[in-house]
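Below is one structure, written out as structure tokens, with a few remarks after it.
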Amino acid sequence: MVDAATPTRPAVIDLRSDTVTTPTEAMRRAMASADVGDDVYGEDPTINALEERVAGLMGHEAGLFVPSGTMGNQIGMRLLAQPGEEVLCDADAHVVTYEMGAAAAVFGLSTRTVVSDGGRLDADRLIAQVRPRGDWHVTSTAAIAVENTHNRGGGIVQPLGELQKLWDWSRGAGVAVHLDGARLFNAHVASGVDLATYGGLADTASVCLSKGLGAPVGSVLVSSAERIAVARLWRKRLGGGMRQAGVLAAAGLYALDHHVDRLAEDQEHARLLAKRLGADPATVETNMVVLQDVPAAMLAEGAKAQGVLVSQVSATRVRLVTHLDVDRAGIDRAADVLASLLER
Ligand SMILES: Cc1ncc(COP(=O)(O)O)c(C=O)c1O
């Protein structure tokens with residue numbers, strides 16, 4: 001018998017993004033039995049536990065549960081830069097591509113972008129563009145935002161040496177570092193680098209529970225206790241104070257217990273897809289595969305007609321993202337459909 005909480009869905013293999021996952025039965029049970037309270041009063045025990053847990057994993061003093069990665073990133077950057085100051089980042093960074101201009105529209109921050117090699121962090125290239133504080137002729141760079149893994153870069157893992165170089169330089173320069181770690185758990189599983197090592201190279205970091213980890217909602221912003229107290233005000237100001245949202249935090253805690261190690265499986269599935277579809281498996285670092293030089297519209301539409309959803313990134317590029325709602329059989333089926341459309 002199908003549990004009443006589980007909507008029955010057509011058998012679509014959805015590889016558009018890892019944001020499309022739906023909570024598992026066990027996750028739903030954890031949500032249903034969560035101990036909750038009013039989080040705006042700081043009294044939701046499950047949210048408090050999640051914030052403490054993620055802060056601990058990241059080696060930071062405190063955490064704040066926020067509804068989305070976008071809110072985590074934007075508040076995180078606002079903590080590091082004042083209105084009129086600049087945040088420097090990669091030209092393809094999520095914070096400037098998909099967050100609807102929030103840094104400017106909501107927070108009064110100026111952003112400046114630097115083109116990278118496919119999203120790969122090059123510390124020297126960013127550092128060369130920094131405009132110093134204290135020069136009243138120029139907009140000063142208060143912070144640099146980095147993204148790990150890099151979404152538009154196809155899920156690449158940022159090189160630890162470059163992150164370290166940027167961090168070491170930033171301490172002497174008085175420039176802060178924000179980490180968009182929407183998929184930091186994928187980076188951690190792929191590289192074997194501790195979350196706390198990544199966390200130790202950022203002043204603020206936002207990690208998502210609703211991507212590969214499979215929770216329905218939520219991100220956690222981590223930083224110093226002092227900064228997180230300010231972040232709490234910003235979250236409330238933005239309408240992100242969520243009362244008995246421990247039911248959501250319970251999904252996050254469940255995901256941390258059960259869905260981290262399995263990210264290796266998504267990575268394996270991505271490599272399989274790459275191999276079957278003629279993409280270089282060496283370019284697959286986590287759970288994304290980018291098919292280059294393909295008739296993207298034909299592929300996306302043709303696959304959709306056969307129950308396989310993919311993302312059309314440009315006229316010639318298609319992105320596939322593996323996640324916990326697509327098992328090995330689904331991967332094989334998707335590979336068959338796409339390979340036949342590509343005649344590979
Ligand atoms: C790299 C990256 N950062 C931030 C976000 C924003 O997360 P949300 O959709 O929860 O706002 C995403 C969403 O896909 C992302 O890919």
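The values are calculated or read from the model by the stated rules, or taken from the named source; none is laboratory data. The model shown is predicted, which means the values in this text are computed figures rather than measured ones. Cβ sites come from the backbone with ideal geometry, for glycine too, and all protein chains shown count toward neighbours. Remember, those area values only see protein heavy atoms, side chains included, never the ligands or the DNA or RNA. Shrake-Rupley method; radii C 1.70, N 1.55, O 1.52, S 1.80 Å.
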Do the conditions hold for G108, that is, is it closer than 26 Å to L238 by Cα, small (G, A, S) and within 16 Å of the ligand (Cβ to nearest atom)?
no
List the number of the failed condition for L80; all other conditions in (1) away from the ligand (no atom under 16 Å from the Cβ); (2) open to solvent by less than 10 Å² (accessible area, probe 1.4 Å); (3) of a type outside the set (D, E, K, R) hold.
(2)
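Which is open to solvent by less than 10 Å² (accessible area, probe 1.4 Å) and either aliphatic (A, V, I, L, M) or within 17 Å of V157 (Cα to Cα) (or both), of A231, A225?
Numbers: A225 fails: open to solvent by less than 10 Å² (accessible area, probe 1.4 Å).
Going through A231, A225 in turn, just one is open to solvent by less than 10 Å² (accessible area, probe 1.4 Å) and either aliphatic (A, V, I, L, M) or within 17 Å of V157 (Cα to Cα) (or both): A231.
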Any chance you could count how many residues in region 54-70 are within 11 Å of the ligand (Cβ to nearest atom) and open to solvent by 30 Å² or more (accessible area, probe 1.4 Å)?
3
For region 294-323, how many residues meet the condition of being closer than 13 Å to R16 by Cα and hydroxyl-bearing (S, T, Y)?
2
When the residues of region 280-300 are narrowed to those that are in contact with a strand residue (DSSP E or B) (Cβ under 6 Å, 6 or more places away or on another chain) and β-branched (V, I, T), which ends up surrounded by the most Cβ atoms within 10 Å (Cβ to Cβ)?
V289
State yes or no: is L50 of a type in the set (A, V, I, L, M, F, W, C), open to solvent by less than 10 Å² (accessible area, probe 1.4 Å) and touching a Phe, Trp or Tyr at 6+ places or on another chain (Cβ under 8 Å)?
yes
Region 83-95, subset open to solvent by less than 50 Å² (accessible area, probe 1.4 Å) and within 16 Å of the ligand (Cβ to nearest atom), residue nearest to R227 (Cα to Cα):
V87
Being over 14 Å from the mean Cα position of the chain (by Cα), crowded, with 21+ Cβ neighbours inside 10 Å and more than 20 Å from V106 (Cβ to Cβ), is that true of even one residue in region 204-218?
no
Search result, residues across region 301-344 that are of a type outside the set (V, I, T), over 21 Å from L263 (Cβ atoms) and surrounded by 20 or more Cβ atoms within 10 Å (Cβ to Cβ):
A303, L338, L341
